[in-house]
Structure formats: structure tokens, C-alpha cells
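What follows draws every value from the coordinates through simple rules; no lab data is involved. On a predicted model such as this, the values are computed, not experimentally measured, just so you know. In this analysis, Cβ positions are derived from the backbone assuming ideal geometry, glycine residues included, and neighbour counts consider all displayed protein chains.
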Amino acid sequence: MHITTEIMERMKRLNELNRPYIIGIDGLSGAGKTTITQTLTKELTFEGQKIVVIHIDDLIEERAKRYNTGHPEWYEYYFLQWDAQEIKEKLLLAVHGKLNELHLKYYDKENDRCYMKSITIEQCNVLLIEGIFLQRKEWKGFFDYMIYLDCPKHVRSERVLRRDAYIGSINERLKKYERRYWAGEDYYFKEANPIQNADIVINS
């Protein structure tokens, strides 16, 4: 990808950071973030970079904190799905503070519980953070390079409705996405203007 070349050039100009170069891969549900992350990881590794990848969806809260809270479902998704302040402190501020080890709260979906996990970044020079809502106000200033994947809603909708069979029937999936996920994404789009504020926009 031509984006790999651009990242390598930017990193040469910022080699005095003395911490990992933080790349964000942002995009709405079904935009193809995981696929781009895998491709970019492979290409940067080939270029000799040592990569650590963090998926924001691994850092969500237990269900009791984000469901049936009395708030609208879109609000639960955007404001309660993650502890944005804790992620800011334990991940983003920790990297900027040049810590060699991150202590992050990971979510165990099968058991609906969170546990602490240590991630060593001492030898890492690129930290790839992949997930939705990366340009929210709590996090946006910490990234060195932000990629936004722009994908038409009808394409994304088809992907996620086909993918998320665990929710139930197609009709149940559609209703949940309308109430919760798409409404939360609409809020993010108006609040953060992620296309305009990204360093590069990829049409996926």
C-alpha cells in the first residue's frame, strides 16, 4: 500500500520521539478496519518495524456497565461501551509517557468479565490501534497518524448484518443496529468529523 511508504517517511522525520509511533485505524462498523490492520502490519514488519497491535474492541466494559443502564442504547454504545478516560490514561498517556509496559483491562466475552493484561512495548517502534471512535475528543490528540476508512453505508450494513449472527435473526440485527450502533455512529460523525480530521482517508 502507498500508505506504508508515507508512514515510513513520516517516521524518519519523527525518530526523536523515543517512544512508539502511534497509528490509528479508524472507521465505522464494517468498514474493513481489521483487514487494513493486517495488511499494514505485514507491510511494516517487512520494512523492519516492530509492531504491536491493539484492538479497541478488546478493551470494552462488562455488559452490566453498558446495557440496561437507563440511557438510550446509542448513548450506551458511544459513552459506556469503553471507559474512555481509563484507555486515555492506561494506553495513550502511558505510551506518551515512554512507559515500557502497558497494563490494560481486556474483556473476556465468553465469561463477561474483564482482566488485566500486560503488554511490553519496549522493543516496539510502531503501535497500531484499530477500532471505532478513535477520534473522539478524549483520544484524538494522542495519535501521530490517523487513517480513516470511508465505506458506503449500504456496503457496511450488508457486511455487519451478515456477520453478526449472534444477535439473532436478520430483523433483530437490523433493529439493534438502528437503535444502538448506527445511532452511536451518527453521533460520532457529527461530533468528531472523522473524515475531515484524519491524516488520510481510504475509500474501502
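A dipole drawn for the stretch 1-118 from +1 and -1 charges on Cβ atoms has a positive end, and of A31, H55, Y107 the residue lying farthest that way is H55. The alpha-carbon atoms of the stretch 95-165 define a convex hull whose volume equals 146 cubic angstrom per residue.
Look at where the Cα atoms of the stretch 132-154 and of the stretch 178-199 average out, and the two centres are 9 Å apart. Neighbour counts of C-beta atoms inside 10 Å place E158, E185 in the sequence E158, E185, starting with the fewest.
Here the Karplus curve 6.51 cos²θ - 1.76 cosθ + 1.60, taken at θ = phi - 60°, turns the phi angles of the stretch 109-116 into couplings of 5, 4, 9, 6, 8, 9, 9, 8 Hz, with x standing for Gly and Pro. The local environment of I132, defined by Cβ-Cβ distances under 10 Å, has a net charge of -2 under the rule Lys, Arg +1 and Asp, Glu -1. With the simple model of a label 7 Å out from the Cα in the direction of the Cβ, D186 to Y67 spans 2.3 nm.
Between beta-carbons, use under 14 Å as the cut-off and find the net charge around Y21, counting Lys and Arg +1, Asp and Glu -1. That sum, taken over residues with Cβ under 14 Å, equals 0. Once each of the trypsin sites (Lys or Arg not before Pro) sitting in a DSSP loop with at most 14 other beta-carbon atoms within 10 Å is removed, the chain keeps 138-204 as its longest stretch.
For the chain, with only Lys/Arg (+1) and Asp/Glu (-1) charged at the beta-carbon, what is the dipole magnitude about the Cα centre, in debye rounded to 20?
220
Normalised Debye scattering of the chain at q = 0.11 Å⁻¹ gives log10 I(q)/I(0) of -0.53, counting only Cα atoms as equal scatterers and leaving out solvent.
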